[in-house]
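To start, the structure under review is shown below, and the notes come after it.
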Amino acid sequence: MTVALILGWRLVATRRAQQRPSLSLHPSQGVSLGNNVTLRCHLPRMAAWVQLLFNGTLRFNKEKDKEQDAAEFSFAVTNLEDAGTYQCRYQVSEPLWTSNQSDPVELVLTGEGTIDTGWP
């Protein structure tokens with residue numbers, strides 16, 4: 001009985017590890033200050049919530065349309081602190097479970113573009 005439970009748990013853990021999301025960055029070659037960036041979290045299964053993490057900290061939490069197999073997070077790059085490492089993960093509601101994080105993607109700022117601060 002104990003062996004069956006352990007083997008069953010390992011099978012569930014293995015399946016969940018294989019259900020990790022992937023994250024893509026658009027544009028992928030670097031972003032200038034003032035430009036928009038889109039991070040797309042591709043989901044291997046239906047999810048209720050998708051979370052975008054920045055340098056290991058939750059940045060956005062989005063309820064997902066059950067019809068879609070990806071969730072998009074778009075924002076304007078307004079300061080140097082937007083550069084860094086992004087990952088995503090997802091949650092399902094029944095049973096309540098959170099996936100492992102995606103492999104990281106790096107948002108790199110290029111030297112082009114400026115932000116108008118209104119200061120002379």
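The values are calculated or read from the model by the stated rules, or taken from the named source; none is laboratory data. The model shown is predicted, which means the values in this text are computed figures rather than measured ones. Neighbour counts run over all protein chains shown; Cβ positions are idealised from the backbone, glycine included. Protein only, heavy atoms only, side chains kept; ligands, DNA and RNA dropped before computing areas. Shrake-Rupley method; radii C 1.70, N 1.55, O 1.52, S 1.80 Å.
Flag: L58 does not match the condition of being touching a Leu at 6+ places or on another chain (Cβ under 9 Å), within 18 Å of G34 (Cβ to Cβ) and loosely packed, with under 12 Cβ neighbours inside 10 Å.
The rows are residues; the columns are (1) at pLDDT 90 or above; (2) among the β-branched types (V, I, T).
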{"residue": "W9", "(1), (2)": "no, no"}
{"residue": "T14", "(1), (2)": "no, yes"}
{"residue": "A17", "(1), (2)": "no, no"}
{"residue": "N55", "(1), (2)": "yes, no"}
{"residue": "E72", "(1), (2)": "yes, no"}
{"residue": "N79", "(1), (2)": "yes, no"}
{"residue": "Y90", "(1), (2)": "yes, no"}
{"residue": "W97", "(1), (2)": "yes, no"}
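For first residues located in the stretch 95-108 and touching a residue at least 40 places away in the same chain (Cβ under 8 Å) and closer than 28 Å to V31 by Cα, partners that are open to solvent by less than 90 Å² (accessible area, probe 1.4 Å) and of a type in the set (A, V, I, L, M) and lie 6+ apart or on another chain with Cβ distances below 6 Å form the pairs S102/L23; V105/L23; V105/L25; L107/A83.
Looking only at residues in the stretch 31-49 that are at pLDDT below 95 and part of a strand (DSSP E or B), the one that is nearest to Y90 (Cα to Cα) is W49.
So if I check each of S22, S28, which one is modelled with pLDDT under 95 and under 17 Å from T85 (Cβ atoms)? Going through S22, S28 in turn, the sole match is S28. Under the condition of being closer than 16 Å to S99 by Cβ and loosely packed, with under 11 Cβ neighbours inside 10 Å, the residues counted in the stretch 67-86 number 0.
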